[in-house]
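One structure below.
Laboratory data are not the source of any read-out in this text; all were calculated from the coordinates shown. This one's a predicted model, so the numbers in the text were calculated from it and none came from an experiment. With ideal geometry, Cβ positions are generated from the backbone for all residues, glycine too; neighbour counts draw on all protein chains shown.
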Amino acid sequence: MTNWTIKDGKSIFTGGKDSYKAAVQTAESCPSFSEDCEDELFCSDAVSCYNCRYRRWTTESFECIKRRQK
Amino acid sequence: MKLFVCIDDTDNYDSIGTGELLENMMGEAAIKGLAKIGFTVRYQLYIHDDIPYTSHNSSMCCTAEVKDREVFTGFCEDYLENNSAEGSDPGLCILTDASEIDYTSLIEFGKSAQSEVLTKEAACKMAEKFGKDIHLSEHGGTGSGIIGALAGAALRAGKEEGRIKGKLQPLSGKTDWTASEFASVFGVQRFVDEEGNEITDNISIRFVHPTKLLYSKGLITSVIINEGGLLMLKPKIKKNREKR
Ligand code: SF4
């Protein structure tokens, strides 16, 4: 199952801001995960897209910048 | 002279964040004897596709007390020129902190930056109204960081609610505190519950997870949560409550 939808060339996470399990699973298999600065950490999962410096928040969810560059 | 100092859009995805850059800049200013510094507040600005923020569109503002405003401003400008990340659009705002200034229109600008897309032109026009009390400057890229920088300084001047940068760590060997004890050790001036209701009783609280402080109603504020009947300092980050 994919967790991404493409909108205007951007990869948007389909789980919104409340799909912790999917965000963890995605980040655990992502070689680009890098923890954001302490003040911007979002949840208690150490490795999660929600805590990654390459997620760019949108109104409903986030875009993965690394996937945009691919 | 007291000042609000705010910077924005100084980072890229691989650099240090704007908050860290601000702290480094102010730390160096303090070491050079140019300023005495206060704490930093993070303000969340509007999340919108048309706004070119890096990751979270937040703005960071701290306070400073300086003897020579011109020298301090020159130092900040040089620091941003030399230390902002490649590809960023840095902006700097230095605003006088004085009770005789009427910040009303500026605060409205700051609040609107939290709910709508604003332009650089609107920021410059607003800054002009405050003459010598505002320094607003661009330091590379598109310079669009002046919008967030002005908004952050405005929100701080208006004592608007934001998160204080950094966190408090529990002390080893002490988990149980009274509110008054906690307040005097950590400099907290106010306690609220999760709904924002003020707690004035000298309650017993547990401090076992790192916690963040809020700047709210112009006071350093701790948020208390009720976990199965136990009153605790709110953990720093949201707990993952989704079932696995
Ligand atoms: S946000 Fe993107 S780069 Fe970061 S962990 Fe998720 S998929 Fe990887």
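Just so you know, the Cα atoms of chain B work out to an Rg and Dmax of 18.9, 57 Å.
Remark: B:MET60, B:MET1 ranked as B:MET1, B:MET60, counting other beta-carbon atoms within 10 Å and listing the fewest first. The mean number of Cβ atoms from other chains found within 10 Å of a Cβ in peptide B:52-64 is 3, as a whole number. Shape summary of the stretch B:19-158, radius of gyration then Dmax from alpha carbon positions: 14.1, 41 Å.
Under 1.5 on a/c is rounded, so check that first for chain A, then, if it is not, pick prolate when a/b is larger than b/c and oblate when it is not; a ≥ b ≥ c are the square roots of the alpha carbon gyration tensor eigenvalues. Rounded is the answer for chain A, as its axis ratio a/c remains below 1.5. Note on the stretch B:166-233: Cα Rg divided by 2.2 N^0.38 Å, N the number of residues, gives 1.00.
Highest average first, the peptides B:119-128, B:10-19, A:3-12 ordered by how many other beta carbon atoms sit within 10 Å of their residues are B:10-19, B:119-128, A:3-12. Reported value for the protein assembly as shown: 154 Å³ per residue, from the convex hull of its C-alpha atoms. The relative contact order of chain B comes to 20 percent, based on Cα pairs under 8 Å that sit 6 or more residues apart. Loop-resident trypsin sites (Lys or Arg not before Pro) (DSSP state other than H, G, I, E or B) in the stretch B:159-229 with no more than 15 further Cβ atoms inside 10 Å of their Cβ: B:LYS159, B:LYS217. Using C-alpha pairs under 8 Å with a sequence gap of at least 6, the mean separation divided by the residue count of the stretch B:166-233 gives a relative contact order of 36 percent. Put the Cα centre of the stretch B:55-114 next to the Cα centre of the stretch A:32-49 and the gap is 27 Å. Summarising the overall dimensions of the stretch B:133-186 from its C-alpha atoms, the Rg and Dmax are 18.5, 51 angstrom.
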